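Inspection log for the structure reproduced underneath, given as structure tokens.
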Amino acid sequence: AALVFGNYGVIFLRDYYYISGDSVIICSNYIGSAIDMAYEEGFEEILLCGHAGKLVKLAGGIMNTHSQEADCRMELIAAAAVGAGCNIDVIRKILEQSTTDGAFAIIGDEKLINKTADILTEKIFYHINKRCKAPLSAECLMYLGDGSKKSLSAGAKKLLEDLQNE
């Protein structure tokens, strides 16, 4: 199954991957609880799919993405951007942004945007799998902006193909 935050995720999976129906579950902000329920229901694999605006919080281990619970999006993007090789002026500008799309636009250089997104995706993958109990495992797909730019965990492509064939 694919877990999404809301209707944008449903539309994204339908429009970009032709995945819809019972394969897509809206879990809102409650990612940790959704992972726990997937385990309890006997799922073995889940794909967490979402816009960076929500998904990036998971790179910090935050399992409830509601804005009243926590918001460290810019700090997490800035840390990943440092790891990707962005300079201090870019980092300062990222920290001044109010949206993740704005933060990624500040990075500018396509290679650095991709590397920053991939660093975040690796962290998201780590934290969601830390929450999973065997035999459940999770992959993630984070998209930026209008959805045309994506970052996938290592096994996400295979899981997407499996979901397309259901």
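The values are calculated or read from the model by the stated rules, or taken from the named source; none is laboratory data. Because the structure is a prediction, the values reported are computed rather than measured. Backbone-built Cβ (ideal geometry, glycine too); neighbour counts: all protein chains shown. Ligands, DNA and RNA are stripped out before the accessible areas are found, and what is left, the full protein with its side chains, is counted by its heavy atoms. Shrake-Rupley method; radii C 1.70, N 1.55, O 1.52, S 1.80 Å.
In the set (1) of a type outside the set (A, V, I, L, M); (2) assigned to a helix (DSSP H, G or I); (3) touching a Phe, Trp or Tyr at 6+ places or on another chain (Cβ under 9 Å); (4) surrounded by fewer than 16 Cβ atoms within 10 Å (Cβ to Cβ), the condition left unmet by Tyr126 is number (3). List every residue pair whose Cβ atoms sit under 7 Å apart, with the two residues 6 or more apart in sequence or on different chains, where the first one lies in segment 16-35 and is touching a residue at least 40 places away in the same chain (Cβ under 8 Å) and the second, anywhere, is open to solvent by 20 Å² or more (accessible area, probe 1.4 Å) and part of a helix (DSSP H, G or I). Here the result reads Tyr17/Gln164; Tyr18/Gln164; Ile19/Gln164; Gly32/Arg131; Ile35/Arg131, each pair linking segment 16-35 to a residue that is open to solvent by 20 Å² or more (accessible area, probe 1.4 Å) and part of a helix (DSSP H, G or I). Total residues in segment 39-64 satisfying the condition of being crowded, with 23+ Cβ neighbours inside 10 Å and in contact with a strand residue (DSSP E or B) (Cβ under 8 Å, 6 or more places away or on another chain): the figure is 9.
Whether any residue in segment 126-139 is at pLDDT below 95 and within 16 Å of the chain's Cα centre (by Cα) is what I want to check. Taking every residue of segment 126-139 in turn, none turns out to be at pLDDT below 95 and within 16 Å of the chain's Cα centre (by Cα).
If the condition is being more than 18 Å from Asp146 (Cα to Cα), touching a residue at least 24 places away in the same chain (Cβ under 8 Å) and not basic (Lys, Arg), then segment 79-119 contributes Ala80, Ala81, Gly83, Ala84, Gly85, Cys86, Leu112, Ile119. The set of residues in segment 140-163 that are of a type in the set (S, T, N, Q) and either within 16 Å of Gly53 (Cα to Cα) or modelled with pLDDT under 95 (or both) comprises Ser148, Ser151. Note on segment 67-104: among residues that are over 14 Å from Ile124 (Cβ atoms) and in contact with a strand residue (DSSP E or B) (Cβ under 8 Å, 6 or more places away or on another chain), the one that is surrounded by the most Cβ atoms within 10 Å (Cβ to Cβ) is Phe104. Residue count for segment 99-123 under the criterion of being acidic (Asp, Glu) and assigned to a loop (DSSP other than H, G, I, E, B): the result is 1.
For segment 2-26, which positions are part of a loop (DSSP other than H, G, I, E, B) and either farther than 23 Å from Glu44 by Cβ or open to solvent by less than 20 Å² (accessible area, probe 1.4 Å) (or both)?
To start, the set of residues in segment 2-26 that are part of a loop (DSSP other than H, G, I, E, B) comprises 5-6, 18-20.
Scanning segment 2-26 gives Gly6, Ile19.
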